[in-house]
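See below for the structure under consideration.
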Amino acid sequence: MTEADIAVPLPRADPALAAILDRHARLSIEAARPVLGWLDRFHTVLESAVADGPPGLDQVARRLGMSPRTLQRRLNKEGTSWWEELERLRRRRVGRLLRETSLSVDSIATRVGFTDSRALRRAIHRWYGHGPAVIRGSGPS
């Protein structure tokens, strides 16, 4: 089959039906919702666990209906780990809270599940190479 063959109209093709089917396909694609996988569910559960305080692997695994070891294996299969996912979530939330709110570092530490503000400050230095004031001064991104 060549490019020219593809451009040749089909014999007995119905242009009206083709237009209807094309419109239906476009509407179906627009209305489609993505099917969430287990990793998306994990992220949702992790978000809610962080909102309740410092999350634990056992706690999140229980919410997902699996053992902690199974959760670790599944994350490993996805090319990530418990700590990488927790750090990624915390970094994203801390950056947003520093830029978009005037919450104190203590309040932010509590909201993202750090045990205290010192632990949060160390994490911010690890992630960004400077303190929270620099991030807060950068404004909303």
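The values are calculated or read from the model by the stated rules, or taken from the named source; none is laboratory data. From a predicted model like this one, the values you see are computed outputs, not experimental measurements. Virtual Cβ from ideal backbone geometry, glycine too; neighbours counted across all protein chains shown. Areas reflect the complete protein model, heavy atoms only, side chains present, ligands, DNA and RNA absent. Shrake-Rupley method; radii C 1.70, N 1.55, O 1.52, S 1.80 Å.
Multiplying the sequence separation of T101 and W38 by 0.36 nm and subtracting their Cα-Cα distance, what value in nm do you get?
Value of the extension gain: 19.5 nm.
Near D58: Cβ cut-off under 14 Å, other residues only, Lys/Arg at +1 and Asp/Glu at -1. The net charge is +2. Taking the chain as a Gaussian network of alpha-carbon nodes connected by springs under 10 Å, the highest mean-square fluctuation of the residues P11, P54, P34 belongs to P11. Shown here are the Rg and Dmax of the Cα trace of region 1-135, at 24.2, 74 Å.
Dividing the summed helix terms, -39500 (n - 2.57) for each DSSP H run of n ≥ 4, by the number of residues in the chain produces a 222 nm estimate of -21000 deg cm²/dmol to the nearest 500. All other residues whose Cβ lies under 14 angstrom from that of S102 are scored, Lys and Arg at +1 and Asp and Glu at -1, for a net of +2. Using C-alpha pairs below 8 Å separated by at least 6 residues, the relative contact order for the chain is 20 percent. Heavy-atom accessible surface of region 1-85, averaged per residue, reaches 78 Å², computed with a 1.4 Å probe. Expressed as a whole percent, the accessible surface of the chain that belongs to carbon and sulfur atoms is 55, based on a 1.4 Å probe. Per-residue 3J(HN,Hα) values for region 120-127, derived from phi via the Karplus relation 6.51 cos²θ - 1.76 cosθ + 1.60 with θ = phi - 60°, read 5, 4, 4, 5, 4, 5, 5, 6 Hz in sequence order (x marks Gly and Pro).
Straightening the chain between R12 and Q72 buys 15.9 nm, computed as 0.36 nm per residue apart minus the Cα-Cα spacing.
Among the trypsin sites (Lys or Arg not before Pro) within region 1-95, those in coil by DSSP and having at most 12 neighbouring Cβ atoms inside 10 Å are R12.
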